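J.: Supplied in C-alpha coordinates, the structure appears directly below.
The values are calculated or read from the model by the stated rules, or taken from the named source; none is laboratory data. All figures in this text were calculated on a predicted structure; none of them were measured in a lab. Cβ atoms come from the backbone with ideal geometry, glycine included; neighbour counts cover every protein chain shown. With ligands, DNA and RNA removed, areas are computed over all heavy atoms of the protein, side chains included. Shrake-Rupley method; radii C 1.70, N 1.55, O 1.52, S 1.80 Å.
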Amino acid sequence: MSAPARLRVDLAERGYDVVVGEGLLAGLAEHLPVPAHAERAALVTNATVDRLYGDAVRAGLAAAGLEAHTITVPDGEDAKSLSVAETGYHRLAAIPLRRDDLVVALGGGVVGDLAGFLAATWHRGVAVAQLPTTLLAQVDAAVGGKTGINLPEGKNLVGAFHQPLIVLADTQTLATLPERERRAGLGEVAKYGFIDDVAVLERLEAEPAAAVAGDPTVLTEVVRRGVAVKARIVAADEREGAERMLLNYGHTIGHAIEALTGYTRYRHGEAVALGMVAAARLGERLGVSETGLAARTVALLDALGLPTGGVRLDPGAVAEVLARDKKARGRGLRFILCATPGRAEVVDDVPAGAVEEVCASLA
Ligand code: NAD
Ligand code: GLY
(Lines give C-alpha, C1' and ligand atoms only; values in the text may rest on other atoms or scores of the structure.)
(Ligands and ions follow the chains in the order given, each with its own letter.)
Protein backbone atom coordinates (compact mmCIF):
# COMPACT_ATOMS: atom_id res chain seq x y z
CA MET A 1 0.00 0.00 0.00
CA SER A 2 1.59 3.28 -1.09
CA ALA A 3 1.63 6.49 1.00
CA PRO A 4 -1.43 8.72 0.50
CA ALA A 5 -1.17 11.51 -2.06
CA ARG A 6 -1.95 15.05 -0.89
CA LEU A 7 -3.24 17.43 -3.58
CA ARG A 8 -3.86 21.10 -2.87
CA VAL A 9 -6.87 23.03 -4.14
CA ASP A 10 -5.14 26.35 -4.13
CA LEU A 11 -7.82 28.89 -3.27
CA ALA A 12 -5.94 31.17 -0.85
CA GLU A 13 -7.88 31.36 2.44
CA ARG A 14 -10.43 28.84 1.13
CA GLY A 15 -7.70 26.42 -0.02
CA TYR A 16 -7.63 22.81 1.22
CA ASP A 17 -6.03 19.42 0.70
CA VAL A 18 -7.54 16.41 -1.01
CA VAL A 19 -5.90 13.30 0.39
CA VAL A 20 -6.17 10.18 -1.76
CA GLY A 21 -5.11 6.80 -0.44
CA GLU A 22 -6.04 3.42 0.95
CA GLY A 23 -7.17 3.10 4.58
CA LEU A 24 -7.66 6.81 5.35
CA LEU A 25 -10.89 6.27 7.30
CA ALA A 26 -9.18 3.81 9.65
CA GLY A 27 -6.62 6.54 10.46
CA LEU A 28 -9.11 9.42 10.40
CA ALA A 29 -7.83 11.25 13.48
CA GLU A 30 -4.38 11.47 11.90
CA HIS A 31 -5.70 13.13 8.71
CA LEU A 32 -8.57 15.30 9.93
CA PRO A 33 -7.72 18.93 10.73
CA VAL A 34 -9.97 19.84 13.67
CA PRO A 35 -11.02 23.52 13.63
CA ALA A 36 -9.99 25.51 16.71
CA HIS A 37 -12.74 25.37 19.40
CA ALA A 38 -14.67 22.58 17.62
CA GLU A 39 -16.27 20.21 20.10
CA ARG A 40 -18.92 18.38 18.07
CA ALA A 41 -19.25 16.79 14.65
CA ALA A 42 -22.51 16.15 12.81
CA LEU A 43 -21.83 12.99 10.81
CA VAL A 44 -24.19 13.01 7.82
CA THR A 45 -24.48 9.63 6.11
CA ASN A 46 -27.02 7.04 4.96
CA ALA A 47 -27.76 3.58 6.37
CA THR A 48 -25.86 1.72 3.59
CA VAL A 49 -22.64 3.64 4.16
CA ASP A 50 -23.09 3.86 7.95
CA ARG A 51 -23.25 0.07 8.16
CA LEU A 52 -19.93 -0.21 6.30
CA TYR A 53 -17.89 2.73 7.58
CA GLY A 54 -19.87 4.58 10.27
CA ASP A 55 -18.19 2.92 13.26
CA ALA A 56 -14.66 3.57 11.93
CA VAL A 57 -15.50 7.23 11.35
CA ARG A 58 -17.18 7.68 14.76
CA ALA A 59 -14.09 6.10 16.39
CA GLY A 60 -11.86 8.47 14.40
CA LEU A 61 -13.92 11.50 15.41
CA ALA A 62 -13.75 10.45 19.07
CA ALA A 63 -9.97 9.99 18.76
CA ALA A 64 -9.80 13.53 17.31
CA GLY A 65 -11.59 14.81 20.44
CA LEU A 66 -14.99 15.41 18.80
CA GLU A 67 -18.39 14.33 20.09
CA ALA A 68 -20.06 12.65 17.07
CA HIS A 69 -23.79 12.95 16.34
CA THR A 70 -24.98 10.85 13.41
CA ILE A 71 -27.63 12.22 11.06
CA THR A 72 -28.88 9.40 8.82
CA VAL A 73 -30.53 10.50 5.58
CA PRO A 74 -32.38 8.30 3.07
CA ASP A 75 -30.33 6.45 0.46
CA GLY A 76 -30.67 7.78 -3.10
CA GLU A 77 -31.14 11.03 -5.00
CA ASP A 78 -34.38 11.84 -3.11
CA ALA A 79 -32.25 12.76 -0.09
CA LYS A 80 -31.25 15.96 -1.93
CA SER A 81 -34.60 17.57 -1.11
CA LEU A 82 -35.90 20.52 0.88
CA SER A 83 -37.74 18.21 3.26
CA VAL A 84 -34.64 16.13 4.09
CA ALA A 85 -32.62 19.35 4.44
CA GLU A 86 -35.25 20.72 6.84
CA THR A 87 -35.09 17.57 8.97
CA GLY A 88 -31.30 17.95 8.90
CA TYR A 89 -31.52 21.54 10.19
CA HIS A 90 -33.75 20.40 13.09
CA ARG A 91 -31.20 17.70 13.93
CA LEU A 92 -28.35 20.24 13.86
CA ALA A 93 -30.34 22.49 16.18
CA ALA A 94 -30.97 19.61 18.58
CA ILE A 95 -27.25 18.73 18.87
CA PRO A 96 -26.73 21.78 19.06
CA LEU A 97 -24.08 22.26 16.35
CA ARG A 98 -22.36 25.59 16.95
CA ARG A 99 -20.51 27.95 14.60
CA ASP A 100 -17.09 26.44 15.44
CA ASP A 101 -18.19 22.81 15.07
CA LEU A 102 -17.90 20.55 12.06
CA VAL A 103 -20.15 18.75 9.58
CA VAL A 104 -18.72 15.48 8.25
CA ALA A 105 -20.13 14.07 5.00
CA LEU A 106 -19.65 10.29 4.68
CA GLY A 107 -21.03 8.80 1.47
CA GLY A 108 -21.46 9.36 -2.25
CA GLY A 109 -22.27 12.55 -4.13
CA VAL A 110 -25.79 12.67 -2.74
CA VAL A 111 -24.65 12.79 0.88
CA GLY A 112 -21.79 15.13 -0.03
CA ASP A 113 -24.03 17.62 -1.84
CA LEU A 114 -26.69 17.60 0.90
CA ALA A 115 -24.27 17.73 3.85
CA GLY A 116 -22.22 20.40 2.07
CA PHE A 117 -25.38 22.46 1.59
CA LEU A 118 -26.37 22.06 5.26
CA ALA A 119 -22.88 23.18 6.24
CA ALA A 120 -22.95 26.13 3.81
CA THR A 121 -26.17 27.45 5.31
CA TRP A 122 -25.99 26.45 8.99
CA HIS A 123 -25.04 29.51 11.05
CA ARG A 124 -24.25 31.08 7.62
CA GLY A 125 -21.51 28.54 7.05
CA VAL A 126 -19.71 25.96 9.19
CA ALA A 127 -16.76 23.77 8.22
CA VAL A 128 -17.41 20.55 6.33
CA ALA A 129 -15.08 17.58 5.91
CA GLN A 130 -15.89 15.50 2.84
CA LEU A 131 -15.28 11.74 3.18
CA PRO A 132 -16.43 10.50 -0.26
CA THR A 133 -17.07 6.76 -0.62
CA THR A 134 -18.08 6.44 -4.30
CA LEU A 135 -15.73 6.75 -7.24
CA LEU A 136 -17.83 9.59 -8.66
CA ALA A 137 -17.70 11.51 -5.39
CA GLN A 138 -13.96 10.96 -4.89
CA VAL A 139 -13.00 12.11 -8.33
CA ASP A 140 -15.61 14.82 -8.80
CA ALA A 141 -18.47 15.69 -6.41
CA ALA A 142 -16.48 16.07 -3.17
CA VAL A 143 -13.89 18.37 -4.75
CA GLY A 144 -14.62 21.93 -5.83
CA GLY A 145 -17.22 23.23 -3.39
CA LYS A 146 -20.45 22.80 -5.36
CA THR A 147 -23.20 21.83 -2.92
CA GLY A 148 -26.94 21.70 -3.35
CA ILE A 149 -30.32 20.05 -3.38
CA ASN A 150 -32.99 19.40 -6.00
CA LEU A 151 -36.46 20.84 -6.50
CA PRO A 152 -39.30 19.16 -8.38
CA GLU A 153 -38.56 21.81 -11.05
CA GLY A 154 -34.99 20.66 -11.59
CA LYS A 155 -31.77 19.13 -10.26
CA ASN A 156 -29.36 21.19 -8.13
CA LEU A 157 -31.52 24.31 -8.43
CA VAL A 158 -30.83 25.35 -4.84
CA GLY A 159 -27.24 25.42 -3.74
CA ALA A 160 -24.12 27.24 -2.71
CA PHE A 161 -20.41 27.19 -3.31
CA HIS A 162 -18.89 26.04 -0.03
CA GLN A 163 -15.36 24.71 -0.16
CA PRO A 164 -14.59 21.92 2.31
CA LEU A 165 -12.01 21.97 5.08
CA ILE A 166 -10.52 18.74 3.74
CA VAL A 167 -11.41 15.88 1.39
CA LEU A 168 -10.31 12.41 2.44
CA ALA A 169 -10.78 9.96 -0.43
CA ASP A 170 -10.21 6.48 0.98
CA THR A 171 -9.94 4.33 -2.14
CA GLN A 172 -10.38 1.16 -0.03
CA THR A 173 -14.07 2.07 0.28
CA LEU A 174 -14.46 1.56 -3.48
CA ALA A 175 -14.14 -2.21 -2.95
CA THR A 176 -17.66 -2.39 -1.48
CA LEU A 177 -19.29 -0.30 -4.23
CA PRO A 178 -21.71 -2.19 -6.48
CA GLU A 179 -19.91 -2.83 -9.78
CA ARG A 180 -22.37 -0.65 -11.69
CA GLU A 181 -21.48 2.34 -9.47
CA ARG A 182 -17.77 1.72 -10.07
CA ARG A 183 -18.30 1.56 -13.82
CA ALA A 184 -20.37 4.75 -13.76
CA GLY A 185 -17.61 6.50 -11.80
CA LEU A 186 -15.08 5.35 -14.39
CA GLY A 187 -17.06 7.35 -16.97
CA GLU A 188 -16.22 10.54 -15.05
CA VAL A 189 -12.62 9.36 -14.58
CA ALA A 190 -12.25 8.84 -18.36
CA LYS A 191 -13.50 12.41 -18.85
CA TYR A 192 -10.34 13.74 -17.15
CA GLY A 193 -8.29 11.75 -19.64
CA PHE A 194 -10.05 13.30 -22.60
CA ILE A 195 -9.93 16.88 -21.31
CA ASP A 196 -6.54 17.04 -19.64
CA ASP A 197 -4.46 14.04 -18.58
CA VAL A 198 -4.03 11.44 -21.29
CA ALA A 199 -2.21 9.16 -18.81
CA VAL A 200 -5.61 8.49 -17.21
CA LEU A 201 -6.89 7.15 -20.54
CA GLU A 202 -3.78 5.07 -21.09
CA ARG A 203 -4.09 3.47 -17.64
CA LEU A 204 -7.76 2.64 -18.18
CA GLU A 205 -7.07 1.35 -21.70
CA ALA A 206 -4.28 -0.88 -20.35
CA GLU A 207 -6.30 -2.36 -17.48
CA PRO A 208 -10.05 -1.87 -17.97
CA ALA A 209 -11.04 -5.14 -16.28
CA ALA A 210 -8.93 -4.37 -13.21
CA ALA A 211 -10.48 -0.89 -12.96
CA VAL A 212 -14.01 -2.29 -13.17
CA ALA A 213 -13.18 -5.01 -10.63
CA GLY A 214 -11.97 -2.34 -8.17
CA ASP A 215 -8.23 -3.02 -8.24
CA PRO A 216 -6.95 -0.61 -5.55
CA THR A 217 -3.68 0.20 -7.33
CA VAL A 218 -5.41 1.17 -10.57
CA LEU A 219 -8.22 3.08 -8.84
CA THR A 220 -5.90 4.97 -6.49
CA GLU A 221 -3.78 6.04 -9.46
CA VAL A 222 -6.69 7.25 -11.61
CA VAL A 223 -8.46 8.96 -8.68
CA ARG A 224 -5.22 10.77 -7.80
CA ARG A 225 -4.74 11.91 -11.40
CA GLY A 226 -8.40 12.91 -11.81
CA VAL A 227 -8.38 14.89 -8.58
CA ALA A 228 -5.15 16.62 -9.65
CA VAL A 229 -6.90 17.83 -12.82
CA LYS A 230 -10.00 18.98 -10.95
CA ALA A 231 -7.95 20.70 -8.21
CA ARG A 232 -5.99 22.67 -10.79
CA ILE A 233 -9.10 23.71 -12.75
CA VAL A 234 -11.09 24.70 -9.64
CA ALA A 235 -8.17 26.76 -8.36
CA ALA A 236 -8.01 28.58 -11.71
CA ASP A 237 -11.75 29.16 -12.04
CA GLU A 238 -13.70 28.52 -8.83
CA ARG A 239 -17.02 29.98 -10.05
CA GLU A 240 -17.06 28.40 -13.54
CA GLY A 241 -16.51 31.57 -15.53
CA ALA A 242 -14.29 29.85 -18.08
CA GLU A 243 -11.96 26.86 -17.63
CA ARG A 244 -14.20 24.99 -15.16
CA MET A 245 -16.66 24.58 -18.04
CA LEU A 246 -14.25 21.99 -19.47
CA LEU A 247 -15.33 19.67 -16.65
CA ASN A 248 -18.67 19.48 -18.45
CA TYR A 249 -17.21 17.43 -21.32
CA GLY A 250 -19.85 14.86 -22.28
CA HIS A 251 -22.39 16.53 -20.01
CA THR A 252 -24.45 18.55 -22.52
CA ILE A 253 -25.94 15.52 -24.24
CA GLY A 254 -25.46 13.48 -21.04
CA HIS A 255 -27.73 15.83 -19.07
CA ALA A 256 -30.29 15.80 -21.89
CA ILE A 257 -30.29 11.97 -21.83
CA GLU A 258 -30.76 11.93 -18.05
CA ALA A 259 -33.62 14.43 -18.25
CA LEU A 260 -35.34 12.63 -21.14
CA THR A 261 -35.10 9.24 -19.43
CA GLY A 262 -36.50 10.54 -16.15
CA TYR A 263 -33.18 10.24 -14.23
CA THR A 264 -33.90 6.54 -13.70
CA ARG A 265 -32.51 4.59 -16.67
CA TYR A 266 -28.90 5.73 -16.46
CA ARG A 267 -26.49 6.47 -13.65
CA HIS A 268 -24.92 9.92 -14.17
CA GLY A 269 -21.57 8.49 -15.34
CA GLU A 270 -23.37 6.25 -17.85
CA ALA A 271 -25.19 9.24 -19.36
CA VAL A 272 -21.86 11.10 -19.48
CA ALA A 273 -20.34 8.13 -21.34
CA LEU A 274 -23.04 8.44 -24.01
CA GLY A 275 -22.50 12.20 -24.01
CA MET A 276 -18.75 11.74 -24.61
CA VAL A 277 -19.45 9.45 -27.58
CA ALA A 278 -21.79 12.13 -29.00
CA ALA A 279 -19.27 14.92 -28.30
CA ALA A 280 -16.43 12.99 -29.97
CA ARG A 281 -18.56 12.37 -33.08
CA LEU A 282 -19.65 16.00 -33.09
CA GLY A 283 -16.06 17.19 -32.77
CA GLU A 284 -14.94 15.03 -35.67
CA ARG A 285 -17.86 16.21 -37.79
CA LEU A 286 -17.00 19.87 -37.11
CA GLY A 287 -13.29 19.32 -37.71
CA VAL A 288 -12.47 20.26 -34.09
CA SER A 289 -11.49 16.75 -32.97
CA GLU A 290 -8.79 14.58 -34.46
CA THR A 291 -9.96 11.69 -36.62
CA GLY A 292 -10.23 8.51 -34.59
CA LEU A 293 -11.30 10.17 -31.34
CA ALA A 294 -14.81 8.71 -31.52
CA ALA A 295 -13.50 5.20 -32.21
CA ARG A 296 -11.05 5.47 -29.28
CA THR A 297 -13.83 6.75 -27.03
CA VAL A 298 -16.20 3.92 -27.93
CA ALA A 299 -13.47 1.28 -27.55
CA LEU A 300 -12.54 2.46 -24.05
CA LEU A 301 -16.11 2.90 -22.81
CA ASP A 302 -17.08 -0.52 -24.20
CA ALA A 303 -14.13 -2.06 -22.36
CA LEU A 304 -15.34 -0.40 -19.14
CA GLY A 305 -18.84 -1.80 -19.68
CA LEU A 306 -20.35 1.66 -20.15
CA PRO A 307 -23.13 2.37 -22.66
CA THR A 308 -22.08 3.74 -26.05
CA GLY A 309 -25.42 3.42 -27.83
CA GLY A 310 -28.87 1.92 -27.55
CA VAL A 311 -30.69 5.15 -26.67
CA ARG A 312 -33.32 6.53 -29.04
CA LEU A 313 -33.68 10.27 -28.54
CA ASP A 314 -36.52 12.31 -29.96
CA PRO A 315 -34.66 15.14 -31.77
CA GLY A 316 -37.38 17.66 -30.90
CA ALA A 317 -37.16 16.80 -27.19
CA VAL A 318 -33.34 17.05 -27.20
CA ALA A 319 -33.56 20.42 -28.95
CA GLU A 320 -35.99 21.61 -26.27
CA VAL A 321 -33.68 20.57 -23.40
CA LEU A 322 -30.67 22.19 -25.10
CA ALA A 323 -32.68 25.33 -25.85
CA ARG A 324 -33.46 25.68 -22.13
CA ASP A 325 -29.69 25.64 -21.53
CA LYS A 326 -29.19 28.10 -24.36
CA LYS A 327 -31.88 30.41 -22.99
CA ALA A 328 -30.18 30.38 -19.61
CA ARG A 329 -26.94 31.46 -21.28
CA GLY A 330 -28.39 33.64 -24.01
CA ARG A 331 -25.99 32.24 -26.67
CA GLY A 332 -26.02 29.69 -29.49
CA LEU A 333 -25.46 26.00 -28.75
CA ARG A 334 -22.30 25.59 -26.71
CA PHE A 335 -20.35 22.34 -26.42
CA ILE A 336 -17.13 21.25 -24.80
CA LEU A 337 -15.22 19.36 -27.48
CA CYS A 338 -12.01 17.36 -27.26
CA ALA A 339 -9.43 18.38 -29.86
CA THR A 340 -7.11 15.50 -29.07
CA PRO A 341 -7.03 13.27 -25.97
CA GLY A 342 -5.74 15.50 -23.18
CA ARG A 343 -7.00 18.79 -24.67
CA ALA A 344 -10.54 20.18 -24.72
CA GLU A 345 -12.06 23.52 -25.68
CA VAL A 346 -15.32 25.45 -25.47
CA VAL A 347 -17.03 25.72 -28.87
CA ASP A 348 -19.95 28.11 -29.42
CA ASP A 349 -22.58 28.29 -32.13
CA VAL A 350 -22.58 24.58 -32.84
CA PRO A 351 -25.12 23.91 -35.64
CA ALA A 352 -28.31 22.26 -34.36
CA GLY A 353 -28.38 19.90 -37.36
CA ALA A 354 -24.99 18.39 -36.44
CA VAL A 355 -26.17 17.84 -32.85
CA GLU A 356 -29.31 16.13 -34.14
CA GLU A 357 -27.23 13.79 -36.31
CA VAL A 358 -24.89 12.71 -33.52
CA CYS A 359 -27.83 12.17 -31.17
CA ALA A 360 -29.44 9.93 -33.80
CA SER A 361 -26.15 7.98 -34.02
CA LEU A 362 -26.61 6.88 -30.38
CA ALA A 363 -29.71 4.78 -31.24
P1 NAD B 1 -24.89 8.20 -4.54
O2 NAD B 1 -24.40 9.17 -3.58
O3 NAD B 1 -26.36 8.00 -4.66
O4 NAD B 1 -24.20 6.80 -4.24
C5 NAD B 1 -24.50 5.67 -5.04
C6 NAD B 1 -24.92 4.47 -4.19
O7 NAD B 1 -23.76 3.89 -3.60
C8 NAD B 1 -25.85 4.81 -3.04
O9 NAD B 1 -26.81 3.81 -2.92
C10 NAD B 1 -24.91 4.79 -1.82
O11 NAD B 1 -25.58 4.51 -0.62
C12 NAD B 1 -23.95 3.71 -2.20
N13 NAD B 1 -22.64 3.78 -1.62
C14 NAD B 1 -21.88 4.88 -1.41
N15 NAD B 1 -20.66 4.52 -1.03
C16 NAD B 1 -20.63 3.19 -0.98
C17 NAD B 1 -19.62 2.23 -0.69
N18 NAD B 1 -18.36 2.60 -0.44
N19 NAD B 1 -19.94 0.92 -0.71
C20 NAD B 1 -21.20 0.53 -1.04
N21 NAD B 1 -22.18 1.37 -1.37
C22 NAD B 1 -21.88 2.69 -1.34
O23 NAD B 1 -24.37 8.52 -6.03
P24 NAD B 1 -23.05 9.24 -6.58
O25 NAD B 1 -22.95 8.77 -7.98
O26 NAD B 1 -21.91 9.08 -5.67
O27 NAD B 1 -23.46 10.79 -6.56
C28 NAD B 1 -24.46 11.31 -7.38
C29 NAD B 1 -24.77 12.72 -6.93
O30 NAD B 1 -23.60 13.51 -7.01
C31 NAD B 1 -25.84 13.44 -7.76
O32 NAD B 1 -26.79 14.00 -6.90
C33 NAD B 1 -25.07 14.52 -8.49
O34 NAD B 1 -25.85 15.67 -8.72
C35 NAD B 1 -23.95 14.80 -7.51
N36 NAD B 1 -22.75 15.39 -8.12
C37 NAD B 1 -22.28 16.53 -7.56
C38 NAD B 1 -21.14 17.12 -8.09
C39 NAD B 1 -20.57 18.35 -7.45
O40 NAD B 1 -19.66 18.96 -8.01
N41 NAD B 1 -21.04 18.73 -6.27
C42 NAD B 1 -20.50 16.57 -9.21
C43 NAD B 1 -21.03 15.41 -9.75
C44 NAD B 1 -22.17 14.82 -9.21
N1 GLY C 1 -18.83 18.56 -11.64
C2 GLY C 1 -18.44 19.71 -12.35
C3 GLY C 1 -17.87 20.77 -11.47
O4 GLY C 1 -17.62 20.55 -10.32
O5 GLY C 1 -17.70 21.88 -11.93
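J.: Counting only C-alpha contacts under 8 Å and six or more residues apart, can you give the relative contact order of region 99-214 as a whole percent? Walk me through the numbers before you get to the answer.
T.: Numbers: 202 pairs, mean separation 26.2, N = 116.
Relative contact order comes out at 23 percent.
J.: Continuing with this model, one more query. Using a/c under 1.5 as the rounded threshold, could you call region 223-363 rounded, prolate or oblate? The axes a ≥ b ≥ c are square roots of the C-alpha gyration tensor eigenvalues, and prolate needs a/b larger than b/c, oblate otherwise. Can you show the working numbers first?
T.: Details: a/c = 1.33, a/b = 1.13, b/c = 1.18.
Verdict is rounded for region 223-363.
J.: Right, something else. Only loop residues by DSSP count here, and only those with at most 15 other Cβ atoms within 10 Å; note down the trypsin sites (Lys or Arg not before Pro) in region 277-360 that meet that.
T.: Arg312, Arg331
J.: Something else now. What FRET efficiency would be calculated for the residue pair Ala29, Ala339, taking the C-beta separation as r and a Förster radius of 41 Å, to the nearest 0.05? Please list the in-between numbers first.
T.: Values: r = 46 Å, r/R0 = 1.11.
Taking R0 as 41 Å, the efficiency between Ala29 and Ala339 is 0.35.
J.: Let me ask something else. Roughly to the nearest percent, how much of the accessible area of the chain is carbon and sulfur, given a 1.4 Å probe? It would help to have the intermediate numbers written out before the result.
T.: On the way: 7400 of 14630 Å².
Carbon plus sulfur share of accessible area: 51 percent.
J.: Solvent-accessible area per residue for the chain at a 1.4 Å probe radius, Å²?
T.: On the way: 14630 Å² over 363 residues.
Heavy-atom SASA per residue in the chain reads 40 Å².
J.: Run the count for the chain, please: Lys pairs, Cα-Cα under 19 angstrom, 8 or more apart or on different chains.
T.: Values: Lys80/Lys146; Lys80/Lys155; Lys146/Lys155; Lys146/Lys191; Lys146/Lys230; Lys155/Lys326; Lys155/Lys327; Lys191/Lys230.
Number of lysine pairs found: 8.
J.: A further question follows. Given an 8 Å cut-off on Cα distances and at least 6 residues of separation, report the relative contact order of the chain as a percent.
T.: Numbers: 721 pairs, mean separation 52.2, N = 363.
Relative contact order of the chain: 14 percent.
J.: So what's the angle, to the nearest 10 degrees on a 0 to 90 scale, between helix 315-329 and the longest Cα principal axis of the chain?
T.: Its long axis makes an angle of about 60 degrees.
J.: Quick check: from the Cα gyration tensor, does region 82-159 come out rounded (a/c under 1.5), prolate or oblate? Mind showing how you got there, number by number?
T.: Details: a/c = 1.90, a/b = 1.22, b/c = 1.56.
Oblate.
J.: Roughly what angle does helix 293-303 make with the longest principal axis of the chain, taking Cα atoms, 0 to 90 degrees, to the nearest 10?
T.: 50
J.: What is the distance in Å between the Cα centres of region 271-348 and region 169-246?
T.: So the two Cα centres are separated by 19 Å.
J.: When 1/r is averaged over all different Cα pairs and the result inverted, which Kirkwood radius in Å belongs to region 106-220?
T.: Working: mean 1/r = 0.0673 Å⁻¹.
Averaging 1/r across every pair of different Cα atoms and inverting gives 14.9 Å.
J.: Calculated FRET efficiency, Asp302 and Ala3, Cβ-Cβ r, R0 30 Å, to nearest 0.05?
T.: Numbers: r = 35 Å, r/R0 = 1.15.
Plugging the Cβ-Cβ distance into 1/(1 + (r/R0)^6) gives 0.30.
J.: Shifting gears a bit: Which GluC sites (Glu not before Pro) in region 12-109 sit in a loop by DSSP (not H, G, I, E or B) and have at most 16 other Cβ atoms within 10 Å of their own Cβ?
T.: Working: sites: Glu13, Glu22, Glu30, Glu39, Glu67, Glu77, Glu86; in loops: Glu22, Glu39.
Those satisfying the criteria are Glu39.
J.: Based on the Cβ-Cβ distance from Ala36 to Ala242, what FRET efficiency comes out when R0 is 30 Å, to the nearest 0.05? Before the final figure, lay out the partial values.
T.: Values: r = 36 Å, r/R0 = 1.18.
For R0 = 30 Å, the calculated efficiency reads 0.25.
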